[in-house]
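Enquirer: Questions regarding the structure given below will be posed in turn.
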Amino acid sequence: MNSLLKEGISDAIGFVVGALAGYLLALLIGFDLFAKGYGSSSIVAILLVGLGGGLGLQASRKYLIKKDKK
């Protein structure tokens, strides 16, 4: 498989899985991403989804680099 395609798919999967994990964490803590307006609950949930997506992306890149070294 083309290395750029593999990297793109890996990035997309990592971001989506991380964002979903952030969303679920926000729900467990009690913050509602889809609350009416932009209250503090919604802002914190948006931050957690963004952080989760970024962490998932970085984790997938590190995994791909580690896998390619072998």
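The values are calculated or read from the model by the stated rules, or taken from the named source; none is laboratory data. These numbers come from a predicted model, not from an experiment. Methodologically, a virtual Cβ is constructed for each residue, glycine included, from the backbone with ideal geometry; neighbour enumeration extends over all protein chains shown. Only protein heavy atoms, including side chains, enter the accessible area calculation; ligands, DNA and RNA are left aside. Shrake-Rupley method; radii C 1.70, N 1.55, O 1.52, S 1.80 Å.
Enquirer: What number of residues in the range 60-69 are hydrophobic (A, V, I, L, M, F, W, C) and touching a helix residue (DSSP H, G or I) at 6+ places or on another chain (Cβ under 6 Å)?
Expert: 1
Enquirer: A further question follows. Can you tell me which residue within the range 9-46, out of those that are within 29 Å of Y63 (Cα to Cα) and out of contact with any helix residue (DSSP H, G or I) (no Cβ under 9 Å at 6 or more places or on another chain), is surrounded by the most Cβ atoms within 10 Å (Cβ to Cβ)?
Expert: I9
Enquirer: How many of the residues making up the range 10-66 are free of Cβ contacts under 8 Å to residues at least 12 places away in the same chain and touching a Leu at 6+ places or on another chain (Cβ under 7 Å)?
Expert: Within the range 10-66, residues that are free of Cβ contacts under 8 Å to residues at least 12 places away in the same chain and touching a Leu at 6+ places or on another chain (Cβ under 7 Å) number 1.
Enquirer: Got a number for residues in the range 47-70 being open to solvent by 50 Å² or more (accessible area, probe 1.4 Å) and either modelled with pLDDT of 95 or more or out of contact with any Asp or Glu (no Cβ under 8 Å at 6 or more places or on another chain) (or both)?
Expert: Here the count works out to 13.
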